[in-house]
Amino acid sequence: MSSLQNVKGGAAKLNTGYYIPLFGLGTYELTGNEVKSSVDIALKCGYRLFDTAKYYKNEPELGAALEFCNDTKKGLQFSYIDMVLIHYPKAIKCEEKDPKNKEHRKLTYVELEKLKGSDASKRFKQ
């Protein structure tokens, strides 16, 4: 049973048997201290899904906010990233129909496969 099965707001069961929360915090356009305060509030409200992207230019702030939580992992009941969902793998500098995008998607998948079974990722399913 996934620890996310009973998350506040509900969860959807994936074909892997794992669950993904139906609600998450989108971090697009959050900057500076907004990121930490938003993450803190979201965690207190029961959020366990955080949407980010390199394009958002706030990954360091989100990482710092979640790292801050490491001190209270037991209370938050998480100790690792449960899932990585890549919804649009393409190079930032490529146009929509650039043939390089196909190669970028393949490289993204290959890198995720490397995480499979590692300490960095408890589970990875296609």
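Every read-out reported here was derived from the displayed coordinates using simple, explicitly stated rules and does not represent laboratory data. This is a predicted model, so every value here is computed, not measured. For neighbour counting, all protein chains shown are included, and Cβ atoms are generated from backbone atoms with ideal geometry for every residue, glycine included.
So the values come out like this:
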quantity: Low-density loop positions, chymotrypsin sites (Phe, Trp or Tyr not before Pro), segment 1-49 - DSSP coil, at most 11 other Cβ in 10 Å; calculated: TYR28
quantity: Other-chain or far-sequence residues with amide H under 5 Å of PHE50's (modelled H); calculated: LEU25
quantity: Long-range amide H partners of ALA11 with built H, under 5 Å; calculated: LEU22
quantity: Label-point separation, LYS13 to LYS114 (7 Å along Cα→Cβ), nm; calculated: 3.5 nm
quantity: Rough spin-label spacing in nm, given labels placed 7 Å along Cα→Cβ, for LYS36 and GLN5; calculated: 3.7 nm
quantity: Full-extension gain in nm, LYS54 to ALA91, via 0.36 nm per residue minus C-alpha separation; calculated: 12.3 nm
quantity: 30 Å Cα-Cα threshold exceeded, pairs from LYS8/LYS93; LYS90/LYS114; LYS54/LYS100; LYS57/LYS106; calculated: LYS8/LYS93
